[in-house]
1. Would you call residue 13 assigned to a strand (DSSP E or B) and loosely packed, with under 15 Cβ neighbours inside 10 Å?
2. Within the stretch 63-81, take every residue that is in contact with a strand residue (DSSP E or B) (Cβ under 7 Å, 6 or more places away or on another chain) and in a strand (DSSP E or B) and give me the one that is surrounded by the fewest Cβ atoms within 10 Å (Cβ to Cβ).
3. Would you please name the residue that is surrounded by the fewest Cβ atoms within 10 Å (Cβ to Cβ), looking only at residues in the stretch 26-42 that are closer than 14 Å to residue 110 by Cβ and in contact (Cβ under 8 Å) with a residue 24 or more places away in the chain?
4. Do the conditions hold for residue 4, that is, is it assigned to a loop (DSSP other than H, G, I, E, B) and more than 12 Å from the chain's Cα centre (by Cα)?
5. State all residues of the stretch 111-137 that are in contact with a helix residue (DSSP H, G or I) (Cβ under 6 Å, 6 or more places away or on another chain) and either farther than 19 Å from residue 51 by Cα or not in a helix (DSSP H, G or I) (or both); if no residue qualifies, say none.
6. Only one of (1) at pLDDT 95 or above; (2) surrounded by 21 or more Cβ atoms within 10 Å (Cβ to Cβ) is not met by residue 113, so which one is it?
7. Cβ contacts < 9 Å: first residue without any contact (Cβ under 8 Å) to a residue 40 or more places away in the chain, restricted to the stretch 113-132; second residue loosely packed, with under 12 Cβ neighbours inside 10 Å and part of a helix (DSSP H, G or I), any location; separation 6+ or different chain. Result?
8. Whether any residue in the stretch 96-110 is over 16 Å from the mean Cα position of the chain (by Cα), part of a loop (DSSP other than H, G, I, E, B) and modelled with pLDDT of 95 or more is what I want to check.
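The values are calculated or read from the model by the stated rules, or taken from the named source; none is laboratory data. Quantities reported herein were computed from a predicted structural model and do not represent experimental measurements. Here the Cβ positions follow ideal geometry from the backbone for every residue, glycine too, while neighbour counts run over all protein chains shown.
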């Protein structure tokens with residue numbers, strides 16, 4: 001189920017077979033770099049390290065907009081994690097998508113890299129706006 005969501009996020013122009021190839025090549029390459037994690041668990045481990053627990057949502061109160069921290073539902077956290085991993089892999093240029101995605105998986109499994117940094121930035125923003133949590137909707 002999660003693998004299908006990854007594949008659908010990778011897919012461009014409706015070419016699912018190419019997206020599947022990219023995804024499975026990336027999982028194989030990442031599992032070779034991470035000897036202790038099997039290929040079928042690499043993307044799950046990476047996703048667990050990237051999924052956010054809280055995010056900020058905009059709330060209009062009395063003519064002002066506040067960034068209110070909210071807990072993230074499991075489905076949304078999974079969708080955000082997948083989106084961040086794929087988008088950050090796309091931003092890396094100069095190598096095939098399978099290698100870029102593999103590098104992103106390895107970085108996420110090691111709690112480093114741009115996807116994990118993105119999650120930490122979201123958590124910092126939520127922590128900074130904790131004073132407005134009483135406006136939660």
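1. no
2. 65
3. Applying the filter and picking the extreme gives 33.
4. no
5. Matches in the stretch 111-137: 111, 113.
6. Looking at each condition in turn, residue 113 falls short on (1).
7. Cβ pairs passing all conditions: 114/91.
8. yes
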